[in-house]
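Colleague: For reference, the structure I am asking about is given below.
The values are calculated or read from the model by the stated rules, or taken from the named source; none is laboratory data. Note that the structure is a prediction, hence the values are computed from the model and not measured. Cβ sites come from the backbone with ideal geometry, for glycine too, and all protein chains shown count toward neighbours.
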Amino acid sequence: MKRSIFIYLGLLLLTFGCKEQEKGPEKQVNTEMSAVVDAAAVERIDSVLQAFVEQGQIAGISAMVYEKGREVYFNAFGYADREAKVPMDRNTIVQIYSMTKPVTGVALMTLYEDGAFQLDDPLEKYLPEYADAMVYTGVDDNGKMLLEKPNRPITVRDITRHTAGFPNRPDIPGLSEKLREADPMNRENTLEQMSAKLASVPLWFHPGEQWEYGPCVDVQAYLVEKISGRPFEEYTREHVLDPLGMNKTRYLVPEEDQGAFAAMYRQTEDSLTRVPDAEAKTDYLQKWPLRRGGSGLTSTIDNYMAFARMLLNRGSLEGVSILNPETVTLMATNQLADSVTERNFLPSKGQVGFGIDFAVRHSPPSSPDENYGVTGEFFWDGAASTLFWIDPLNDLAAVMFVQLFPYDQIGLHKNFRGAVYSSYKDAPPGR
């Protein structure tokens, strides 16, 4: 409540000019022909983002919106590195964590378009280590795991929508201990070793019965590698990143670019503290064997917007085709049956289902407390509070970059979305 009051007061001060504010970098705006992001929206977004910085909730933030093929908003506030006084700008490199997942999904779906697999193929057809999967049902009186055969095999579709059954929690009696012992996500593993170790751990539930966020997209990465016969990172660069000009989207940040690599910050009850670089950046400053599909990329806001615009344009950008339109439509279509009632944290994203590596909004917000979004949008975010979404109805794509742990406890996403759409005819309820 205290934080909400601070942000509200900050917004009042900004709105009525009662306090002189330090301006962010010169913003680039073209709102001509824009139906959503008009001049009032630009000022509203500025006020919201700057208020978070001024109130000490974040060190720095940037945001970009394209609408109808034009950049209608960009601005940045605060610092990429507060201690070194390096400003946040459009060249800042950030850790995007799970916003890596849609990139992996697109790489996989280029192989789908080649006819290399079908979504309902058993995963074991390509990755035979999953042929003997067993399902955990609990532990006996001696703490030994009880297992049974799965009702059906894991399919490729399961690993694209987080219904494979892989465990991803620290508190499942017996099973979590087995997962820790296997240590599939150790960065010294190759993708092949990661998959073999994960396959040695029983499934937590029968494939297709629950939605549980976890290592599914890392398995997608290995599937790309196995089907293509090429290293996953190499294949993704050749078929997705390089064609889109995303040369600053990488697992390894080279020495010459490390000055633009943003620091990571952690929000506590009464302060914002920097996560030591030795902890926050170690995965990105030297090459490790594991190239995860579910996390690990760094990017600039322009680079990631190129990816978002490709999706908004249904698979192509500026004459470069990555996917066919019908494939993007498939990815942005809910793949979860109503029978999948156990959905981990997915309901916290609002009225959504899940497609192929995106959340997919099927209904407008049911209350003012929900993050706003337009029916038909698809989106995802990252552990450090980054966010992007695609709004086909309004021909709009948005990307927001920040480096904040824990994941968005301060309403960044809700306030940014509200600022973008507030003057639009389908404004969020209660605004």
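Colleague: Scan the stretch 56-83 residue by residue and report those that are among the hydrophobic types (A, V, I, L, M, F, W, C), under 20 Å from residue 279 (Cα atoms) and either without any contact (Cβ under 8 Å) to a residue 12 or more places away in the chain or assigned to a strand (DSSP E or B) (or both).
Modeller: 80
Colleague: Now a separate question. Can you name every residue in the stretch 327-367 that is among the acidic types (Asp, Glu) and in contact with a Gly (Cβ under 9 Å, 6 or more places away or on another chain)?
Modeller: 357
Colleague: Between a first residue in the stretch 368-385 that is more than 16 Å from residue 35 (Cβ to Cβ) and a second residue that is of a type in the set (Ser, Thr, Tyr) and assigned to a loop (DSSP other than H, G, I, E, B), which pairs have beta carbons less than 7 Å apart while being 6 or more apart in sequence or on different chains?
Modeller: 375/363; 383/407; 385/407
Colleague: Looking at (1) surrounded by fewer than 23 Cβ atoms within 10 Å (Cβ to Cβ); (2) at negative phi, can you tell me which one residue 65 breaks?
Modeller: Of (1) surrounded by fewer than 23 Cβ atoms within 10 Å (Cβ to Cβ); (2) at negative phi, only one is false for residue 65: (1).
Colleague: Quick check on my filter: what residues within the stretch 342-374 are over 21 Å from residue 105 (Cα atoms), out of contact with any strand residue (DSSP E or B) (no Cβ under 8 Å at 6 or more places or on another chain) and not in a helix (DSSP H, G or I)?
Modeller: Of everything in the stretch 342-374, those that are over 21 Å from residue 105 (Cα atoms), out of contact with any strand residue (DSSP E or B) (no Cβ under 8 Å at 6 or more places or on another chain) and not in a helix (DSSP H, G or I) turn out to be 363, 364, 365, 366, 367, 368, 369, 370, 371, 372.
Colleague: Can you tell me which residue is farthest from the chain's Cα centre (by Cα) among those in the stretch 106-126 that are under 30 Å from residue 175 (Cα atoms) and surrounded by 22 or more Cβ atoms within 10 Å (Cβ to Cβ)?
Modeller: 123
Colleague: Looking for whichever is touching an Asp or Glu at 6+ places or on another chain (Cβ under 9 Å) and either modelled with pLDDT of 95 or more or more than 24 Å from residue 304 (Cβ to Cβ) (or both) here; the options are 5, 93, 61. Which one fits?
Modeller: Exactly one of 5, 93, 61 is touching an Asp or Glu at 6+ places or on another chain (Cβ under 9 Å) and either modelled with pLDDT of 95 or more or more than 24 Å from residue 304 (Cβ to Cβ) (or both), namely 93.
Colleague: How many residues are in contact (Cβ under 8 Å) with a residue 40 or more places away in the chain and more than 15 Å from residue 127 (Cα to Cα) when one looks only at the stretch 144-159?
Modeller: Result for the stretch 144-159: 5.
Colleague: Can you run down the residue pairs with Cβ atoms below 7 Å, 6 or more apart or on separate chains, where the first is in the stretch 221-248 and at pLDDT 95 or above and the partner is among the charged types (D, E, K, R) and assigned to a loop (DSSP other than H, G, I, E, B)?
Modeller: 221/291; 221/292; 232/291; 233/291
Colleague: Take the stretch 119-138 and flag every residue that is β-branched (Val, Ile, Thr) and farther than 21 Å from residue 183 by Cα.
Modeller: Across the stretch 119-138, the qualifying residue is only 137.
Colleague: Of the residues that make up the stretch 285-300, is at least one part of a helix (DSSP H, G or I) and either under 23 Å from residue 234 (Cβ atoms) or of a type in the set (Lys, Arg) (or both)?
Modeller: no
Yes or no, residue by residue, for (1) more than 17 Å from residue 111 (Cα to Cα); (2) of a type outside the set (Lys, Arg); (3) in a helix (DSSP H, G or I):
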| residue | (1), (2), (3) |
| --- | --- |
| 196 | yes, yes, yes |
| 206 | yes, yes, no |
| 213 | yes, yes, no |
| 224 | no, yes, yes |
| 236 | no, yes, yes |
| 256 | yes, yes, yes |
| 265 | yes, yes, no |
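Colleague: Please work out which one of (1) free of Cβ contacts under 8 Å to residues at least 12 places away in the same chain; (2) under 25 Å from residue 358 (Cα atoms) is the condition residue 116 fails and give its number.
Modeller: (1)
Colleague: Out of everything in the stretch 150-193 that is in a helix (DSSP H, G or I) and within 23 Å of the chain's Cα centre (by Cα), what residue ends up being surrounded by the fewest Cβ atoms within 10 Å (Cβ to Cβ)?
Modeller: Within the stretch 150-193, the first condition is being in a helix (DSSP H, G or I), and the residues that meet it are 156-161, 175-182, 191-193.
Now narrow it down to the ones that are within 23 Å of the chain's Cα centre (by Cα): 156-161, 191.
Details: 156: 24, 157: 18, 158: 23, 159: 28, 160: 29, 161: 22, 191: 23.
It comes out as 157.
Colleague: Another one. Could you list, in sequence order, the residues of the stretch 217-227 that are surrounded by fewer than 24 Cβ atoms within 10 Å (Cβ to Cβ) and either farther than 19 Å from residue 130 by Cα or of a type in the set (A, V, I, L, M, F, W, C) (or both)?
Modeller: 227 - this is the single residue of the stretch 217-227 that is surrounded by fewer than 24 Cβ atoms within 10 Å (Cβ to Cβ) and either farther than 19 Å from residue 130 by Cα or of a type in the set (A, V, I, L, M, F, W, C) (or both).
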